[in-house]
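*Asks:* Take this structure, written in structure tokens, and hold onto it; I'll ask about it next.
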Amino acid sequence: MLTRFAPSPTGYLHLGHVVNAIYVWGIARARAGDVLLRIEDHDRIRSRPEFEAAILEDLEWLGFATSPRYRQSDQDEVYLRALAALRHTHHVYACDCSRKDIGGERYPGRCRDRHLAETPGRGLRVVMAPGIERFVDGRLGPQEQSPADQCGDLLLRDRDGHWSYQFAVTVDDYRDQVTHVIRGADLLSSTGRQMRLARMLGRAEPPEFLHHPILLNASGEKLSKSSGDSGVRELRAAGVSAEEVIGRAAHAAGLIDRACLMAASDVGTLFD
Ligand code: GLU
């Protein structure tokens, strides 16, 4: 069993990440599996080395293992090779649509048959054929998603030349032979398209998926990277211990009845 912890270095670690870490390391420990740490810096505009360094330092302080690890921006050939393979079997095409041209979440296919040259400033998409993807989520049970209706032809590389989240993550999870993807329920709608893309890339068996509850702030929004009082840095600076931070996160996620002290090495007991 291999799972992964995949932070984007676009901000500091907060309690929401700690909840994800508890699930990832907790389930891995309970099942004698391993955790791979992947720095998801596919978006080179928003990613910063100082956030990466801070994330690694906070994880170590919390007691979660920070190796083995790699960063996406060091793996360009891996994505280029996957793209080359995909071209053999599927229609990959250049797209010059702006967000405004697209209008919503679903790409309507405007550039599919335009045969645009692949020049800088244009994105790359792959045709998503109709069809339902089915999987049994480890917490939410049976799911059905239709990528062609949800997102249309999938973006592989954006107009700035960055690999898209969907493409990079799918290539990584396949290449690394990740068996269990454990992440927040805010990413649930990405799963069908990632399963589909993995199969298009040649992956015979999809990984298993578990989507856990995510923490919300007082106004009911997802915690942001700058959410002051839930930031691990801020809690550390205020003298809160690592065991207390983990206990608070486990409590906030509903994994324990009362906030108590919990060491990173004990999170497996939550999932026995
Ligand atoms: N990098 C993503 C994030 O920080 C997680 C992606 C994933 O687990 O698939 O939200």
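*Asks:* Considering region 126-158 alone, what residues qualify as being in contact with a helix residue (DSSP H, G or I) (Cβ under 8 Å, 6 or more places away or on another chain), surrounded by 16 or more Cβ atoms within 10 Å (Cβ to Cβ) and closer than 19 Å to TYR93 by Cβ?
*Replies:* If the condition is that a residue be in contact with a helix residue (DSSP H, G or I) (Cβ under 8 Å, 6 or more places away or on another chain), surrounded by 16 or more Cβ atoms within 10 Å (Cβ to Cβ) and closer than 19 Å to TYR93 by Cβ, then VAL126, MET128, PRO147, CYS151, LEU154, LEU155, LEU156, ARG157 are the ones that fit.
*Asks:* Can you tell me which residue among ARG183, ARG193 is within 14 Å of the ligand (Cβ to nearest atom), assigned to a strand (DSSP E or B) and buried (at least 18 other Cβ atoms within 10 Å of the Cβ)?
*Replies:* Values: ARG193 fails: assigned to a strand (DSSP E or B).
When all the criteria are applied, what remains is ARG183.
*Asks:* Against the condition away from the ligand (no atom under 14 Å from the Cβ) and assigned to a strand (DSSP E or B), how does ALA85 come out, does it pass?
*Replies:* Working: away from the ligand (no atom under 14 Å from the Cβ): yes; assigned to a strand (DSSP E or B): no.
Against the criterion (away from the ligand (no atom under 14 Å from the Cβ) and assigned to a strand (DSSP E or B)), ALA85 does not qualify.
*Asks:* If the Cβ limit is 8 Å and pairs must be 6+ apart or interchain, which residue in region 129-151 that is at positive phi pairs with which residue that is of a type in the set (A, V, I, L, M)?
*Replies:* That search, which allows pairs on different chains as well, returns GLY131/ALA148.
Residue by residue, here is whether (1) surrounded by fewer than 17 Cβ atoms within 10 Å (Cβ to Cβ); (2) in contact with a Lys or Arg (Cβ under 6 Å, 6 or more places away or on another chain); (3) farther than 30 Å from ALA148 by Cβ holds:
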site: GLY202; (1), (2), (3): yes, no, no
site: PHE209; (1), (2), (3): no, no, no
site: LYS222; (1), (2), (3): yes, no, no
site: ALA237; (1), (2), (3): yes, no, yes
site: ALA242; (1), (2), (3): no, no, yes
site: ALA259; (1), (2), (3): yes, yes, yes
site: ASP272; (1), (2), (3): yes, no, yes
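*Asks:* If you check LEU261 against the conditions, is it under 23 Å from the mean Cα position of the chain (by Cα) and in contact (Cβ under 8 Å) with a residue 12 or more places away in the chain? Lay out the reasoning, then the answer.
*Replies:* Numbers: under 23 Å from the mean Cα position of the chain (by Cα): no; in contact (Cβ under 8 Å) with a residue 12 or more places away in the chain: yes.
Taking the combined requirement at face value, the residue does not satisfy it.
*Asks:* Within region 92-112, can one find any residue that is crowded, with 16+ Cβ neighbours inside 10 Å and either within 16 Å of the ligand (Cβ to nearest atom) or closer than 26 Å to ASN217 by Cα (or both)?
*Replies:* From region 92-112, those crowded, with 16+ Cβ neighbours inside 10 Å are 92-95, 97, 107, 109, 111; that's our starting set.
From the residues that got through so far, the ones that are either within 16 Å of the ligand (Cβ to nearest atom) or closer than 26 Å to ASN217 by Cα (or both) too are none.
No, region 92-112 contains no residue that is crowded, with 16+ Cβ neighbours inside 10 Å and either within 16 Å of the ligand (Cβ to nearest atom) or closer than 26 Å to ASN217 by Cα (or both).
*Asks:* Quick one: is LEU2 under 27 Å from LEU270 (Cα atoms), hydrophobic (A, V, I, L, M, F, W, C), surrounded by fewer than 17 Cβ atoms within 10 Å (Cβ to Cβ) and within 15 Å of the ligand (Cβ to nearest atom)?
*Replies:* Numbers: under 27 Å from LEU270 (Cα atoms): yes; hydrophobic (A, V, I, L, M, F, W, C): yes; surrounded by fewer than 17 Cβ atoms within 10 Å (Cβ to Cβ): yes; within 15 Å of the ligand (Cβ to nearest atom): yes.
For LEU2, the condition - under 27 Å from LEU270 (Cα atoms), hydrophobic (A, V, I, L, M, F, W, C), surrounded by fewer than 17 Cβ atoms within 10 Å (Cβ to Cβ) and within 15 Å of the ligand (Cβ to nearest atom) - is met.
*Asks:* Quick check: is even one residue across region 4-26 more than 16 Å from the chain's Cα centre (by Cα) and among the basic types (Lys, Arg)?
*Replies:* Looking through region 4-26, none of the residues is more than 16 Å from the chain's Cα centre (by Cα) and among the basic types (Lys, Arg).
*Asks:* Now, a different point. Would a scan of region 142-153 turn up a residue that is of a type in the set (Asp, Glu), within 16 Å of the ligand (Cβ to nearest atom), closer than 24 Å to ALA204 by Cβ and in contact with a Lys or Arg (Cβ under 7 Å, 6 or more places away or on another chain)? Let's see the steps before the verdict.
*Replies:* Residues of region 142-153 of a type in the set (Asp, Glu): 144, 149, 153.
Those left that are additionally within 16 Å of the ligand (Cβ to nearest atom): none.
Scanning region 142-153 turns up no residue that is of a type in the set (Asp, Glu), within 16 Å of the ligand (Cβ to nearest atom), closer than 24 Å to ALA204 by Cβ and in contact with a Lys or Arg (Cβ under 7 Å, 6 or more places away or on another chain).
*Asks:* Continuing with this model, one more query. I'd like to know if region 21-43 contains one or more residues that are closer than 14 Å to ALA168 by Cβ, surrounded by fewer than 22 Cβ atoms within 10 Å (Cβ to Cβ) and among the small types (Gly, Ala, Ser).
*Replies:* no
*Asks:* Any chance you could count how many residues in region 29-54 are outside any loop (DSSP other than H, G, I, E, B) and either over 15 Å from the mean Cα position of the chain (by Cα) or under 8 Å from PRO9 (Cβ atoms) (or both)?
*Replies:* Going through region 29-54, the residues outside any loop (DSSP other than H, G, I, E, B) turn out to be 29-30, 34-39, 49-54.
Subset that is either over 15 Å from the mean Cα position of the chain (by Cα) or under 8 Å from PRO9 (Cβ atoms) (or both): 29-30, 34, 39, 49-54.
The number of residues fulfilling the criteria is 10.
*Asks:* Does region 171-180 hold any residues that are of a type in the set (S, T, N, Q) and either on the phi > 0 side of the Ramachandran plot or within 9 Å of the ligand (Cβ to nearest atom) (or both), and which are they?
*Replies:* GLN177
*Asks:* Out of (1) surrounded by fewer than 20 Cβ atoms within 10 Å (Cβ to Cβ); (2) outside any loop (DSSP other than H, G, I, E, B); (3) within 13 Å of the ligand (Cβ to nearest atom), the odd one out for THR10 is which?
*Replies:* Among (1) surrounded by fewer than 20 Cβ atoms within 10 Å (Cβ to Cβ); (2) outside any loop (DSSP other than H, G, I, E, B); (3) within 13 Å of the ligand (Cβ to nearest atom), THR10 violates only (2).
Laboratory data are not the source of any read-out in this text; all were calculated from the coordinates shown. All figures in this text were calculated on a predicted structure; none of them were measured in a lab. Positions of Cβ are generated from backbone atoms using ideal geometry, with glycine treated the same way; all protein chains shown enter the neighbour counts.
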